[in-house]
Amino acid sequence: MGQTVGILSLDRWVGSRLEAEMKLQKEKQVAVPKIEIDLSKIQQLSHERDEENWEFRSWLKQYAPDDIDVLVKSLSRKYFALVDCTQCGNCCRSLHTEFKKSELYAIAKTLGQSIETFQKKSMSEGKVNPPCPMLNGKLCSIYENRPDVCRSFPHLKRPNLTPFKMSVRVG
């Protein structure tokens, strides 16, 4: 009988331990924040928080910690992992991009255009006009061979973020 009690106690302990571990795992799983991808909503939120954002940038310019690049890289990984480019495509629809000459030639060739035609049709002031001519719906039609500037977007991995911060006058 003592042996049976020991097994029952062990089963209860193992069961409660597993339940506790499962509960801890659930608690560790932080709710994934909703990432806003509607450009008009993003712009509205930006305007609503313009003063707060300006104050933060001013503070950051004066008091940025020495490890700011590490912090930005960590946050970048965390939040950009939540963005599914195939469900968004906003950067391709809204940003003017500057490609290398060799990339421009490759894109023009893919579109069956001369570089001159491509520049007249799709560029102004040395940048490709949005939407990107290689965007097909929300997908890049040359994703595997996309230009470097697209590959490195949102450009937060570059070192020395502090001088990169938006120009803010302090004082």
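Coordinate-derived values only; no laboratory data. Model, not experiment: these values are computed from the prediction. Heads up, the Cβs are rebuilt from the backbone with ideal geometry, glycines too, and the neighbour counts pull from every protein chain shown.
Computed values, structure above
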item	result
Condition check for residue 71: part of a helix (DSSP H, G or I) and touching a residue at least 12 places away in the same chain (Cβ under 8 Å)	no
Members of segment 132-148 that are assigned to a loop (DSSP other than H, G, I, E, B) and surrounded by fewer than 14 Cβ atoms within 10 Å (Cβ to Cβ)	137
Number of the condition not met by residue 81 [criteria: (1) of a type outside the set (Asp, Glu); (2) over 24 Å from residue 141 (Cα atoms); (3) surrounded by fewer than 12 Cβ atoms within 10 Å (Cβ to Cβ)]	(2)
